[in-house]
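A quick write-up on the structure given underneath.
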Amino acid sequence: MRSFTRRIIVQFAVLITVTVGVVLAAGGWFLSREAVNGLDLLNQAEYTEIRDRLGSFPTAPAPSAIDRRIRAHTEIDSALYFFQVRDSSGAVIFRSTNLGPSELPPLPRGVSSWTGELPGIGEIRICEFHNDSLSIYVASPLQPVRWLLEDYARVSLYLLSGVALASTGLGWGFARLTLQPVRAIHETASRIRADNLGERIPLPAGRDELTALVGLLNQMFDRLESSFAQVKRFTTDASHELKTPLTFVRLNAEKLRLRCANDPEATAAIEDILEEIDRLRQVTESLLFLAKAEGGALVLTKTEVQADAFVRDFAEDGLALAEEHGARFTIARADAGRVRCEPTLMRQLLLNLATNALRVSRPDSSITLESFLTQDRWRLVVSDQGPGLPPDQLERVFERFQRYAPTSEKIGLETGAGLGLAICRSIANLHGGTIHAENRVGATGFCVVVDLPTD
């Protein structure tokens, strides 16, 4: 989302800046054009004065007569204009003093104005006018125009920089306003999970593409909710229907074990069957527990217990589990105080966490349980010394049938059915608390944090 917002801001700022830049460039071109046209008009006005001062001649005028009539005027305007007069043969018969040794070149046929450069003078704008047999040239220096255009370019650059900064700020506001419905969709969609499929994205006002997208997403969530409901119903029904057949299978297997007591090979095979039956029974009971917890059929009866005594009582079970796997179990912290919980379910939660920790730990490693108690919260942390998990799997481990084990090396411990942590989450939710997993900081391993209210 941030990347998309950044792209919108950049695109908006570039669009506004380029648009203003194009407008300023066009303005500079028009300014240059109008400034040159203005010089032509001034040259024409100056020619009119020269023509009036020359008057008319009955015959071809002598250079001295022309000099006598317009010299004084050209000296007065020498700071702004250059003057030159040619006769019908093209010979220069008058030149203003400010031209020095230079001459204004004759313009091509059909051209009345021209921009050129004279040595020692610089760039000028020349206009040619005809009065009887005389060709009168009036020129203006272009340096003031160039200065004007340079000032315009400098101001335009400052203005363009300001526009770029302002458009970035405006782009941020525009992106925030434009993407507000998208952010609302993102936040709502992020809250819709396997345990919260009933929530829907509110339809925005109007009938635009965004409304159609929200409708499409809600339809997809409807289908997902229906599919999950069917899976849960199937799981509940299958688990319930399997309990009785499993009981009969186990009874028959035990009878068969008695009859085959003298056959070691048959006895070993029957023991394997019984072990698998127990495992299947545990899976069935776990699925039934999850179905009841998620369906609201499980009634939670809280009692008041001493948190430190409860943790230390569980330490005996933790030690037994750890010794069976050749590992160590320690209580790192057990704050004293009273809490309200369902002790049986909380013991099952800790057993599941300890069992999962042992499954991913080396035989000589240590499993640690910490119990923190504040005025209104009870936090339990179970840590192991395994290799930890990739960040993208830290949340998925609480889903059903999600198994995790170290990928760096095999540790030789058997994995479960993938329901232990899902049951832990259901128990935490029933108590009004939360559960999450995280990798240990500064050490290898993985820890699960359970945060519960004390009442």
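The values are calculated or read from the model by the stated rules, or taken from the named source; none is laboratory data. The shown structure was predicted, so the numbers you read here are calculated from the model rather than taken from an experiment. Cβ coordinates were reconstructed from backbone atoms using ideal geometry, including for glycine residues, and neighbour counts include every protein chain displayed. Ligands, DNA and RNA are stripped out before the accessible areas are found, and what is left, the full protein with its side chains, is counted by its heavy atoms. Shrake-Rupley method; radii C 1.70, N 1.55, O 1.52, S 1.80 Å.
Of all residue pairs spaced 6 or more apart or on separate chains, those with beta-carbon atoms under 6 Å, a first member in segment 27-45 that is touching a residue at least 12 places away in the same chain (Cβ under 8 Å) and a second member that is open to solvent by less than 60 Å² (accessible area, probe 1.4 Å) and outside any helix (DSSP H, G or I) are 39/125; 39/140; 40/113; 40/127; 43/127; 43/138; 43/140. None of 152, 137, 158 is touching a residue at least 12 places away in the same chain (Cβ under 8 Å), within 25 Å of residue 27 (Cα to Cα) and aromatic (Phe, Trp, Tyr) except 152. The residue pairs whose first member lies in segment 444-455 and is at positive phi and open to solvent by less than 10 Å² (accessible area, probe 1.4 Å), whose second member is not in a loop (DSSP other than H, G, I, E, B) and not β-branched (Val, Ile, Thr), and whose beta carbons are closer than 6 Å, counting only pairs six or more residues apart or on different chains, are 445/383. Looking only at segment 365-419, filter to residues that are β-branched (Val, Ile, Thr) and modelled with pLDDT under 85; which one of those is least open to solvent (accessible area, probe 1.4 Å)? Checked segment 365-419; the qualifying residue least open to solvent (accessible area, probe 1.4 Å) is 397.
I'd like to know if segment 46-64 contains one or more residues that are surrounded by fewer than 17 Cβ atoms within 10 Å (Cβ to Cβ), among the aromatic types (Phe, Trp, Tyr), in a loop (DSSP other than H, G, I, E, B) and at negative phi. Checked segment 46-64: at least one residue is surrounded by fewer than 17 Cβ atoms within 10 Å (Cβ to Cβ), among the aromatic types (Phe, Trp, Tyr), in a loop (DSSP other than H, G, I, E, B) and at negative phi.
Exactly one residue out of 181, 141 is at pLDDT 90 or above and crowded, with 18+ Cβ neighbours inside 10 Å, and it is 141.
Can you tell me which residue is nearest to the chain's Cα centre (by Cα) among those in segment 151-197 that are under 30 Å from residue 215 (Cβ atoms) and of a type in the set (Val, Ile, Thr)? Applying the filter and picking the extreme gives 182. State all residues of segment 6-45 that are surrounded by 14 or more Cβ atoms within 10 Å (Cβ to Cβ) and closer than 30 Å to residue 90 by Cβ; if no residue qualifies, say none. Matches in segment 6-45: 36, 39, 40, 42, 43, 44. Candidates are the residues of segment 432-443 that are free of Cβ contacts under 8 Å to residues at least 40 places away in the same chain and part of a strand (DSSP E or B); the one that is least open to solvent (accessible area, probe 1.4 Å) is 435. Considering every residue within segment 356-365, establish whether at least one is among the β-branched types (Val, Ile, Thr), at negative phi and part of a strand (DSSP E or B). Checked segment 356-365: no residue is among the β-branched types (Val, Ile, Thr), at negative phi and part of a strand (DSSP E or B). Among the residues of segment 83-137, those that are within 60 Å of the chain's Cα centre (by Cα) and either polar (S, T, N, Q) or within 15 Å of residue 63 (Cα to Cα) (or both) comprise 113, 115. Conditions first: (1) part of a strand (DSSP E or B); (2) exposed (fewer than 11 other Cβ atoms within 10 Å of the Cβ). Residue 126 passes all but one, so which condition is the exception? Here residue 126 meets the rest and fails (2).
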